[in-house]
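Visitor: Take this structure first; my questions come after.
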């Protein structure tokens, strides 16, 4: 009887640990978001005179609501309010669509914003290529993870990992901003520091999922096993290899043509 009780409680215990893990990561992502955009977005009126463009306001609002929604959903599951969790699920699907739409609009808005500050088109083509592939890549990964999470919503172990991966996938811009904070300056120049924080933070978040699986499951969950390495490799290719290539330069020209049409 005692062995049977352990067998029954084992999966339930692992599920509760998984719920608390997702809740903890959702808190970390919220803290990163607020730290990254407190000055430039949330409290901009106190620090900046120029208002943000409408596309950035919409995208920033959608992202903020997504991470608040993730925290709320994680809290509902952790406290056993699964019915409310299911009811709020469709809200997340709607937010995901808005994030993708506003993300595309924000990428298109990069060209006029950069040109308004300084430089010529030729001087910024590598930057435009990096933004096109970097931001496009994370939006694509986000869309894939969310879609799979919705399809596998009746498999909680896969569903929670995919939703967490979707939220981590769109975190690089916030992690990059955190690396620009003066009191976190480790490397010079500051752009290198931001890049280091972005990559380090991203791989730390992905590694935490790997470590969780190995510690509590003794093996990687299939979702973790394929998604973490594929996303990591794809992200590195999108930000380092493609932008300086002919494909990257062609996509930068296409982005400029769309933004200036």
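The numbers here are math on the coordinates, done by the rules we state, and not lab data. What you see is a predicted model; the values in this text were computed from it and never measured. We place every Cβ from the backbone using ideal geometry, glycine too, and count neighbours over all the protein chains shown.
Visitor: Helix-only estimate, please: 222 nm mean residue ellipticity of the chain, summing -39500 (n - 2.57) across DSSP H runs of length 4 or more and dividing by its residues, to the nearest 500. Display every interim value, and only then the final one.
Guide: On the way: 12 runs with 204 residues, N = 261.
My calculation for the chain gives -26000 deg cm²/dmol from helical runs alone.
Visitor: What relative contact order, as a whole-number percentage, does region 90-163 give when Cα pairs under 8 Å and 6 or more residues apart are counted?
Guide: 29
Visitor: One-quarter of the Cα convex hull surface for region 93-241, in nm²?
Guide: Numbers: hull surface 41.2 nm².
Approximately 10.3 nm², given one-decimal rounding.
Visitor: Do you know the relative contact order of the chain, to the nearest whole percent, from alpha carbon pairs under 8 angstrom that are 6+ apart?
Guide: Working: 233 pairs, mean separation 59.9, N = 261.
Worked out over the chain, it gives 23 percent.
Visitor: Just need log10 I(q)/I(0) for the chain at q = 0.07, 0.09, 0.12, 0.13 Å⁻¹, Debye formula, equal scatterers on the alpha-carbon atoms, no solvent, rounded to two decimals.
Guide: -0.27, -0.45, -0.77, -0.89
Visitor: Stokes-Einstein D for region 177-261 at 37 °C, 0.692 mPa s, Kirkwood Rh over Cα pairs, in µm²/s?
Guide: Working: Rh = 15.5 Å.
Reported coefficient: 212 µm²/s.
Visitor: Testing the spin-label approximation: label points 7 Å from Cα along Cα→Cβ at residue 207 and residue 87. State their distance in nm.
Guide: Taking the simple label geometry, residue 207 and residue 87 are separated by 4.1 nm.
Visitor: On C-alpha positions alone, give me the angle between the axis of helix 190-216 and the longest principal axis of the chain, in degrees, nearest 10.
Guide: For 190-216 against the chain, the angle is about 10 degrees.
Visitor: Place a label point 7 angstrom from the Cα of residue 245 along the Cα-to-Cβ direction, then list the residues of region 100-133 whose backbone nitrogen is under 20 Å away.
Guide: 125-133
Visitor: Of 202, 56, 184, which is the most mobile in a GNM of the chain whose springs link Cα atoms less than 10 angstrom apart?
Guide: Checking each option, the largest mean-square fluctuation is seen for 184.
Visitor: Follow-up question, since we're still on this one. Mind checking the angle between helix 54-78 and the chain's longest principal axis? C-alpha axes, 0 to 90 degrees, to the nearest 10.
Guide: Once rounded, the angle reads 10 degrees.
Visitor: Please give, to one decimal in nm, the separation of the simple spin-label points placed at residue 230 and residue 53, each 7 Å out from Cα toward the Cβ.
Guide: Taking the two extended label points, one gets 3.3 nm.
Visitor: Let me ask something else. Hey, what angle do you get for helix 222-236 against the long axis of the chain, alpha-carbon based, 0 to 90 degrees rounded to 10?
Guide: Rounded to the nearest ten degrees, it is 10.
Visitor: Subtracting the Cα-Cα distance from 0.36 nm times the residue separation, let me have the gained length for residue 187 to residue 123 in nm, one decimal. Write out the running numbers ahead of the final one.
Guide: Values: separation 64, 0.36 × 64 = 23.04 nm, distance 2.47 nm.
Between residue 187 and residue 123, full extension yields an extra 20.6 nm.
Visitor: In whole angstrom, note down how far apart the Cα centers of region 215-261 and region 96-171 are.
Guide: What the calculation gives is 10 Å, centre to centre.
Visitor: Quote the FRET efficiency, to the nearest 0.05, computed for residue 20 versus residue 214 with a Förster distance R0 of 22 Å and r equal to the Cβ-Cβ distance.
Guide: Numbers: r = 17 Å, r/R0 = 0.77.
Step by step, r from the Cβ atoms, then E = 0.85.
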